[in-house]
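Trainee: Here it is, the structure, as structure tokens.
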Amino acid sequence: MAIITLDYKKSNFIAEKLHSLDEKQRSQLHLTDDPEICGCSLKAFCRLHYKFPAKYSRKTAGIFMRGILYDELFKRPFNAVEVEKKIGFVVTQKMTGFIVAHPDVVLGKYPIEAKHTTRIIQHPSDIPACWITQLTLEEVYCKVRLGWLVIGDLQSTLVTAWKVKIDKEEEEHLLEGHVKRMSELASAIYIRRHSNGLKPNWSECPSCYYNYVGGCPERKKV
Ligand code: SF4
């Protein structure tokens, strides 16, 4: 008869390997670094200037792992390959840069952004604003004014697709705000001073993977 015991050492070893599968420490400014999407402008600063590794707590690792699994599941039927879209922008008179975006799926020329949740989403007002911002900016990057947000309910397994249309005026407004925020971010990273216009969003700290001793300089200890 097989003797089964819980191997703590091996469990920790494998958990550490899984939890260190981070965002491959992306070395470019990414659309989702926009504080309106990721929630705090210090996150990109930590990654790009300090080059801190993202460290996961049990809670953030769970969110991260579910995200990867759902992403893979979602992309499979579309045979989706990673598409890179770029926007060039001016940071200062002496400095220009670009921001990259990787929509989950681009069907035809339209972006589809997949999200998963345990919340009940029945009405557009239930959808987190940062998801809408992300998708509409992907539309701007793809040079279209239409896209879909596909939301998977992890509890009921219900999948809903929300069509999101913008007009020319919204497109211009979105781009202007995005480029302004990204320029502030890029310039703070360039001059290596996070106090230069970047505001921490402390409500994000409890679930932030830069919130550890020796990590984010503005972190709120929780
Ligand atoms: S620890 Fe807090 S302040 Fe620092 S990057 Fe994370 S959310 Fe922002």
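Trainee: Which residues, counting only those in segment 108-153, are surrounded by fewer than 12 Cβ atoms within 10 Å (Cβ to Cβ) and within 17 Å of Val83 (Cα to Cα)?
Mentor: Gly108, Lys109, Lys143
Trainee: Give the residue that is farthest from Val90 (Cα to Cα), with candidates limited to residues of segment 184-202 that are out of contact with any Lys or Arg (no Cβ under 6 Å at 6 or more places or on another chain) and within 8 Å of the ligand (Cβ to nearest atom).
Mentor: Filtering segment 184-202 for residues that are out of contact with any Lys or Arg (no Cβ under 6 Å at 6 or more places or on another chain) and within 8 Å of the ligand (Cβ to nearest atom), the one farthest from Val90 (Cα to Cα) comes out as Asn201.
Trainee: Every residue in segment 203-222 that is in a helix (DSSP H, G or I) and either within 6 Å of the ligand (Cβ to nearest atom) or farther than 19 Å from Thr60 by Cα (or both), please.
Mentor: The answer is Glu204, Cys205.
Trainee: While we're here: At least 2 residues that are surrounded by 19 or more Cβ atoms within 10 Å (Cβ to Cβ) and touching a helix residue (DSSP H, G or I) at 6+ places or on another chain (Cβ under 8 Å) in each: list the helices (runs of 4 or more DSSP H) lying fully within segment 4-107 that qualify.
Mentor: Answer list for segment 4-107: 35-38, 41-45.
Trainee: How many residues are at pLDDT below 90 and β-branched (Val, Ile, Thr) when one looks only at segment 118-140?
Mentor: Matching residues across segment 118-140 total 2.
The values are calculated or read from the model by the stated rules, or taken from the named source; none is laboratory data. Everything quoted here is computed from the prediction, not taken from an experiment. A quick note on method: Cβ atoms are made from the backbone with ideal geometry, for glycine too, and the neighbour counts reach across all protein chains shown.
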